[in-house]
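First up is the structure itself, then whatever we jot down about it.
The values are calculated or read from the model by the stated rules, or taken from the named source; none is laboratory data. None of the values given here were measured: they were computed from a predicted structure. Ideal geometry is used to build each Cβ from the backbone, glycine not excepted, and the neighbour counts take in all protein chains shown. With ligands, DNA and RNA removed, areas are computed over all heavy atoms of the protein, side chains included. Shrake-Rupley method; radii C 1.70, N 1.55, O 1.52, S 1.80 Å.
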Amino acid sequence: MKKALIVFAAVVVLIAAVVIYMLSNIDSLVAGAIEKHGSRVTRTSVSVSGVELSLKKGRGSITGLRVESPDGFDARDAFTLGDITLDVDIKSLRGEPLVIDEIRVSAPVVNVEVRETGASNIDDLRKNVEASAGGNAGGGGDSEGKDKRIRIKRFVFEKGR
């Protein structure tokens, strides 16, 4: 009985240590996930300079998002975003609709390069994302066919080029 109690206590301590580690490093974990999965989905290099999340406040920000153009294009970056901030009403997480108090996209820069054939770097990125999503990049609701409702109170798109 004593041995089982010691093992149980060790498991609880281990779980607590993992949770503390993840919460204290969540910003870098999310940044790494964006870069890894974004690069896989777009089939180009995706990078971010920073992520700042506040789970208690329902707020998150990504700075310096950069998506390179696919191979064969001269424009180094297809697009960059200076800052993306999302502010969610955390009380709405349990119900429907999900309420987003604000989405703010600052300093987006899009470099569209069109070849003589009519193909563009943005179009190639879109095709890569669709192929990675199995041709359903737009979603279309969850597996039960019921669409999720989202209410966005404020959307700001500023300082774009």
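Here are the numbers for the structure shown:
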item	result
Span-rule helices in the chain, defined as complete DSSP H runs reaching 15 Å or more along the axis (Cα) with Kyte mean at least -1.0	2-24, 26-42
Spherically averaged projected area in nm², based on the convex hull that wraps the Cα atoms of the range 1-145	13.2 nm²
Sparsely packed trypsin sites (Lys or Arg not before Pro) within the range 94-127, loop by DSSP, other Cβ within 10 Å at most 13	Arg115
Relative contact order %, the range 1-52, counting alpha carbon pairs below 8 Å whose residues are six or more apart	28 percent
Sum of side-chain charges, Glu102 neighbourhood, beta-carbon under 13 Å (Lys, Arg +1; Asp, Glu -1)	+1
Pair Val110, Arg149: separation of 7 Å Cα→Cβ label points (nm)	3.0 nm
Nonlocal amide H pairs with Ser69, under 5 Å, H built at 1.01 Å	Asp77, Ala78
Unit Cα scatterers, Debye sum, the range 38-122: log10 I(q)/I(0) for q = 0.24, 0.25 Å⁻¹	-1.08, -1.13
Straight-distance crosslink candidates among lysines, where the alpha carbon sits under 24 Å from Lys153 and sequence neighbours closer than 8 are dropped	Lys56, Lys57, Lys91
Backbone N under 16 Å from the Asp74 label point (7 Å along Cα→Cβ), restricted to the range 85-121	111-121
Accessible surface of the chain, 1.4 Å probe, proportion on carbon and sulfur as whole %	59 percent
